[in-house]
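This report concerns only the one structure given below.
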Amino acid sequence: MQPVNPAFVATFPPPVMEARRWIEGKVFPADRPLMNLSQAAPVDPPPEPLMQAMAEAVLTDPSVHLYGPVLGLGALREELAEQWSTGYGGTVRPAQVAITAGCNQAFTSVMSTLAGAGDEVILPLPFYFNHQMWLDMGGVRSVYLPTGADLLPDPEQAATLITDRTKAIVLVSPNNPAGVEYPAPLMRAFYDLAKTHGLALIVDETYRDFHSAEGAPHDLFTDPEWDGTLIHLYSFSKAYRLTGHRVGAVMASEARLAEVEKFLDTVAICPPQIGQIGALWGMQNLGDWLAGERLEILARRDAIRAGFQRLPEWELLGSGAYFAYVRHPFDQASDLVAKRLVDEASLLVLPGTMFGPLTAQGGSGQAEATLRIAFANADAAGLGEMVNRLSAITA
């Protein structure tokens with residue numbers, strides 16, 4: 001038998017793919033079709049004008065079929081730098097921007113330049129599973145930062161976890177899977193903590209376009225030396241429905257991006273050009289459309305909050321952007337509850353066991369007690385139906 005890297009063997013399987021196996025071969029009742037609320041990805045295609053812009057590039061621009069710059073198209077890097085400088089009230093230069101093949105690649109590329117086997121990275125709980133998977137595969141130790149009932153991490157508690165092996169703190173806001181938004185003062189406190197200890201603060205803002213507050217969600221870019229501490233990650237997938245085209249971004253120091261370029265050149269050589277063209281066209285032309293998408297997501301968040309008021313035995317712990325994070329009322333672990341919901345309610349959601357350590361692994365029990373509902377692809381009526389189905393499940 002051929003050898004296998006033991007770090008990969010020890011890494012858990014991709015959670016969304018695992019959940020899909022729960023529905024393979026199943027037939028759902030005609031009056032209760034499957035509601036797939038497991039993955040945070042738009043199911044609709046991009047707006048037609050954006051698709052037309054991409055199609056025109058395919059047909060008329062021979063260069064889009066060739067390798068492009070490893071760090072992405074210059075025009076897209078410039079547009080991001082300009083919009084982020086305006087939106088966050090700071091200064092971001094194009095040379096501080098890199099385009100990646102999705103936000104997961106943004107994370108893996110920067111983490112590869114930061115930490116190696118035996119190093120440590122602080123992850124608040126519940127974690128985003130692909131972040132945990134990458135750290136596991138690289139032999140990097142995840143140091144868990146527990147969160148309380150509000151699901152917000154505490155920078156003072158994080159300070160007690162820092163050792164001479166700590167390389168970075170990772171924050172995701174709006175959070176995946178918890179849905180909560182980290183307040184600007186909390187983000188600043190983590191930034192100051194990281195800066196004091198010479199650590200990188202990685203802020204994944206994949207869902208920033210659906211933040212409930214108007215204006216910038218934090219002021220970290222206003223520090224003229226932000227790139228000495230902050231590494232910012234972004235995704236175009238959710239904003240412009242470009243999941244299949246894989247377009248993400250990193251904002252960091254030029255020195256950091258010089259190291260990132262080495263990683264990207266050996267993995268994909270360059271990010272897909274067609275997706276970048278779509279992202280650029282979207283940034284330049286779909287501001288009003290995206291504002292409407294944000295309001296629709298916020299309306300769905302409000303609908304799910306109202307819906308859980310009809311479920312007194314359930315507890316809605318967090319909700320925002322694409323997610324609701326809930327405590328279930330059953331005397332079973334969440335992975336068993338999730339599989340039960342497939343059979344008894346035709347609902348596919350992800351268990352908290354995919355987002356944190358089990359009690360047997362030193363966890364607090366949060367993982368076994370919780371479920372993530374990715375509600376962005378269900379309208380208000382659909383969310384009402386989901387609540388009806390949950391209410392019909394008995395202990």
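The values are calculated or read from the model by the stated rules, or taken from the named source; none is laboratory data. These figures come from a predicted structure and were not determined experimentally. Using ideal geometry, Cβ is built from the backbone for each residue, glycine included, and neighbour counts are taken over all protein chains shown. For the accessible areas, the whole protein counts, side chains as well, though only heavy atoms, and no ligand, DNA or RNA atoms are used. Shrake-Rupley method; radii C 1.70, N 1.55, O 1.52, S 1.80 Å.
Values computed for the structure shown
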{"quantity": "Matching residues in region 79-112 - criterion: being part of a helix (DSSP H, G or I), crowded, with 21+ Cβ neighbours inside 10 Å and either β-branched (Val, Ile, Thr) or modelled with pLDDT under 95 (or both)", "calculated": "Thr108, Val110"}
{"quantity": "Single condition Gln361 does not satisfy, out of (1) at pLDDT below 95; (2) open to solvent by less than 10 Å² (accessible area, probe 1.4 Å)", "calculated": "(2)"}
{"quantity": "Selected residue [within 30 Å of Val342 (Cβ to Cβ), under 25 Å from the mean Cα position of the chain (by Cα) and not basic (Lys, Arg)] from Met35, Met51", "calculated": "Met35"}
{"quantity": "Criterion: under 21 Å from Met111 (Cβ atoms), modelled with pLDDT of 95 or more, in contact with a Cys (Cβ under 8 Å, 6 or more places away or on another chain) and open to solvent by less than 20 Å² (accessible area, probe 1.4 Å) - qualifying residue of Leu233, Leu199, Leu135", "calculated": "Leu233"}
{"quantity": "Hits in region 312-337 - residues which are of a type in the set (A, V, I, L, M), modelled with pLDDT of 95 or more and either in contact with a Phe, Trp or Tyr (Cβ under 6 Å, 6 or more places away or on another chain) or under 25 Å from Glu181 (Cβ atoms) (or both)", "calculated": "Leu316, Leu317, Ala324, Val326, Val337"}
{"quantity": "Unmet criterion (only one of (1) over 21 Å from the mean Cα position of the chain (by Cα); (2) within 20 Å of Ala194 (Cα to Cα); (3) free of Cβ contacts under 8 Å to residues at least 60 places away in the same chain) for Ile122", "calculated": "(1)"}
{"quantity": "Which numbered condition Phe221 fails, given (1) farther than 30 Å from Phe8 by Cα; (2) part of a loop (DSSP other than H, G, I, E, B); (3) not small (Gly, Ala, Ser)", "calculated": "(2)"}
{"quantity": "Where Ile269 falls short, out of the listed (1) within 21 Å of the chain's Cα centre (by Cα); (2) on the phi > 0 side of the Ramachandran plot", "calculated": "(1)"}
{"quantity": "Region 263-288: number of residues that are surrounded by fewer than 18 Cβ atoms within 10 Å (Cβ to Cβ) and either in contact with a strand residue (DSSP E or B) (Cβ under 7 Å, 6 or more places away or on another chain) or in contact (Cβ under 8 Å) with a residue 12 or more places away in the chain (or both)", "calculated": "6"}
